[in-house]
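A short write-up of the structure that comes next.
Nothing in this text is a laboratory measurement; each read-out follows from the coordinates by a stated rule. These figures come from a predicted structure and were not determined experimentally. Quick reminder, even Gly has a Cβ in these numbers, built from the backbone with ideal geometry, and neighbours come from all protein chains shown.
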Amino acid sequence: MAKQKKKRNKKYQGNDAKASTPTVLRVSAEERSRFREWWLTYRQLVKIGGAILGVVIVLILLTIGIVGLFTN
């Protein structure tokens, strides 16, 4: 079997090399209200707090229901 020639992986930089075009970075800005800015910052904390509050409310209701069953 003949030995394979190694492929060139170096970029050619001679005089007749292809000129690289500059990349354009497009940025868009949004006008946000104070509440929207606050929500984007604290959304994760609010969701976690809401989930914890929901679990606590369910546990309180279950406890009241179980206590009500045994005190009748």
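Sorting 46-54, 9-17 by their mean Cβ neighbour count within 10 Å, with the most densely packed peptide first, gives 46-54, 9-17. Of the listed values (i) -0.78, -1.09; (ii) -1.01, -1.10; (iii) -0.85, -1.01, grab the one calculated as log10 I(q)/I(0) by the Debye sum over Cα atoms at q = 0.20, 0.24 Å⁻¹ from the structure here. The value computed from this structure is option (ii).
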